[in-house]
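The values are calculated or read from the model by the stated rules, or taken from the named source; none is laboratory data. None of the values given here were measured: they were computed from a predicted structure. Cβ coordinates were reconstructed from backbone atoms using ideal geometry, including for glycine residues, and neighbour counts include every protein chain displayed.
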Amino acid sequence: MPNEIDETARISPLADIESSVRGNVVRIGANSMVDSFVKIKFAGGAANVIIGTNCYINSGVTIYSGNGVTLGNDVLIAANCTLAASNHETGSRSLPIRSQGHGVSRGGILIEDDVWIGANCVILDGAKIGRGAVIGAGSLVRGEVPAYAKAVGNPLRIVGSRTGL
């Protein structure tokens, strides 16, 4: 199945958006921008990558489809972030990790509308970032971030919230 990219989306010629060999797709909504050196790779599972409208994926971002990655509308992802919606099995000492297959899904990655993710963040399988949240640069997200929260660090901690109307 071919990828589905809205005609108003702007994709840098230096971006690398793979096609799935399993029939999954990358969908990119209207007026979204995928900058140079962004890599979207089907790896570690059999799910889609969905990018909403008016999103901006900055240079150097890598997205592994794994168990599914969904970005809502108006999501901003700063440079050099990694979204990895997959896991490796590690239970056997007698087999190399690469031979043990992929681990159990934690549900993919869901980033709701109007989220800003700062540079150099890592977002892992099972992460859910609520509407309007802000993730500080260099943070590791592996669980749930409430709507409108400001979260930073590794381990991730909530340091405030967006206020106002």
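For this structure, a couple of remarks:
- Looking only at region 26-47, residues that are surrounded by fewer than 17 Cβ atoms within 10 Å (Cβ to Cβ) and either in a loop (DSSP other than H, G, I, E, B) or at pLDDT below 90 (or both) come to 6 in all.
- When G126 is tested against (1) more than 30 Å from T90 (Cβ to Cβ); (2) crowded, with 18+ Cβ neighbours inside 10 Å; (3) not β-branched (V, I, T), just one condition goes unmet, and that condition is (1).
- Among residues that are in contact with a Lys or Arg (Cβ under 7 Å, 6 or more places away or on another chain), of a type in the set (V, I, T) and more than 14 Å from I123 (Cβ to Cβ), I50 is included.
- Of the criteria (1) in contact with a strand residue (DSSP E or B) (Cβ under 9 Å, 6 or more places away or on another chain); (2) exposed (fewer than 12 other Cβ atoms within 10 Å of the Cβ); (3) of a type outside the set (D, E), which one A133 fails: (2)
- Near pairs, Cβ below 7 angstrom, 6+ apart or cross-chain, from region 12-24 (assigned to a loop (DSSP other than H, G, I, E, B)) to any residue that is among the small types (G, A, S): S12/S36; L14/S36; A15/S36; R22/A46; N24/A46; N24/A47; N24/S65
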